[in-house]
Amino acid sequence: MAKILKTPEGKVVRINTKTDVCLYNAPHNPPNTGTSYTTGVDLYAHKARSGQIYFYKYAWSMWQGESSSTWLITKKEAIDFVLDKMQGGYWDCPTNEEIETAKEYFGEFDKETA
């Protein structure tokens, strides 16, 4: 899905969920097997031509008549999103691969600081 988003400064960011890097892919479950995981929010990283990395969320639904939406978020919001997902709720979500990919963008964001 290709789409245009604007930064608060008015810059145009051309995102594409098919080509941008997915840092978190919410669990999917077909509607005919129950209502769990029929909606979700994915996290993506987009590298602009300028070299700047932009993070955005993509909210989706498998329900007929519900539309999807995308919006830009800050790097801190993206890190917090992944950390929140790592606190539980889904088994094996985010996956080890997603965590390693996130580390490429955030560094050692999951390093213990307590």
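Could you please find all residues in segment 78-89 being surrounded by 14 or more Cβ atoms within 10 Å (Cβ to Cβ) and either in a loop (DSSP other than H, G, I, E, B) or not hydrophobic (A, V, I, L, M, F, W, C) (or both)?
Selection gives LYS85 alone.
Count, please, the residues in segment 91-114 that happen to be loosely packed, with under 13 Cβ neighbours inside 10 Å and outside any helix (DSSP H, G or I).
Residues of segment 91-114 that are loosely packed, with under 13 Cβ neighbours inside 10 Å, as a first pass: 91-92, 95-97, 100, 104, 107-108, 111-114.
Applying the additional criterion that residues be outside any helix (DSSP H, G or I) yields 91-92, 95, 107-108, 111-114.
Residues flagged as loosely packed, with under 13 Cβ neighbours inside 10 Å and outside any helix (DSSP H, G or I) within segment 91-114 amount to 9.
Which of the residues belonging to segment 1-24 are over 16 Å from ARG49 (Cα atoms) and in contact with a strand residue (DSSP E or B) (Cβ under 9 Å, 6 or more places away or on another chain)?
Residues satisfying the conditions are MET1, PRO8, THR17, LYS18, CYS22, LEU23, TYR24.
Among SER67, SER61, which is of a type in the set (Ser, Thr, Tyr) and loosely packed, with under 10 Cβ neighbours inside 10 Å?
Details: SER61 fails: loosely packed, with under 10 Cβ neighbours inside 10 Å.
Every option except SER67 fails the conditions.
Being assigned to a loop (DSSP other than H, G, I, E, B) and either in contact with a His (Cβ under 8 Å, 6 or more places away or on another chain) or at pLDDT 90 or above (or both) is the filter here; which residues of segment 1-37 pass it? Explain how you work it out, then say what you get.
Looking only at segment 1-37, we keep the residues that are assigned to a loop (DSSP other than H, G, I, E, B), and these are 1, 7-11, 17-20, 25-30, 34-37.
Hits for segment 1-37 are THR7, PRO8, GLU9, GLY10, LYS11, THR17, LYS18, THR19, ASP20, TYR37.
Give segment 96-105 a look and list any residue that's out of contact with any helix residue (DSSP H, G or I) (no Cβ under 9 Å at 6 or more places or on another chain) and either within 18 Å of HIS28 (Cα to Cα) or modelled with pLDDT under 85 (or both), or say none.
In the first step, residues of segment 96-105 are kept if they are out of contact with any helix residue (DSSP H, G or I) (no Cβ under 9 Å at 6 or more places or on another chain); the result is 96-97, 100-101, 103-104.
Those that are out of contact with any helix residue (DSSP H, G or I) (no Cβ under 9 Å at 6 or more places or on another chain) and either within 18 Å of HIS28 (Cα to Cα) or modelled with pLDDT under 85 (or both): ASN96, GLU97.
From the list THR74, THR70, which one is more than 16 Å from ASN25 (Cβ to Cβ), β-branched (Val, Ile, Thr) and in contact (Cβ under 8 Å) with a residue 12 or more places away in the chain?
Numbers: THR70 fails: more than 16 Å from ASN25 (Cβ to Cβ).
Result: THR74 is the single residue among THR74, THR70 that is more than 16 Å from ASN25 (Cβ to Cβ), β-branched (Val, Ile, Thr) and in contact (Cβ under 8 Å) with a residue 12 or more places away in the chain.
Being among the charged types (D, E, K, R) and in contact with a Pro (Cβ under 9 Å, 6 or more places away or on another chain) narrows it down to one residue among LYS57, LYS85, LYS76, LYS47; which is it? I'd like the intermediate steps shown before the answer.
Working: LYS57 fails: in contact with a Pro (Cβ under 9 Å, 6 or more places away or on another chain); LYS76 fails: in contact with a Pro (Cβ under 9 Å, 6 or more places away or on another chain); LYS47 fails: in contact with a Pro (Cβ under 9 Å, 6 or more places away or on another chain).
Criteria check complete, one pass: LYS85.
The values are calculated or read from the model by the stated rules, or taken from the named source; none is laboratory data. On a predicted model such as this, the values are computed, not experimentally measured, just so you know. Backbone-built Cβ (ideal geometry, glycine too); neighbour counts: all protein chains shown.
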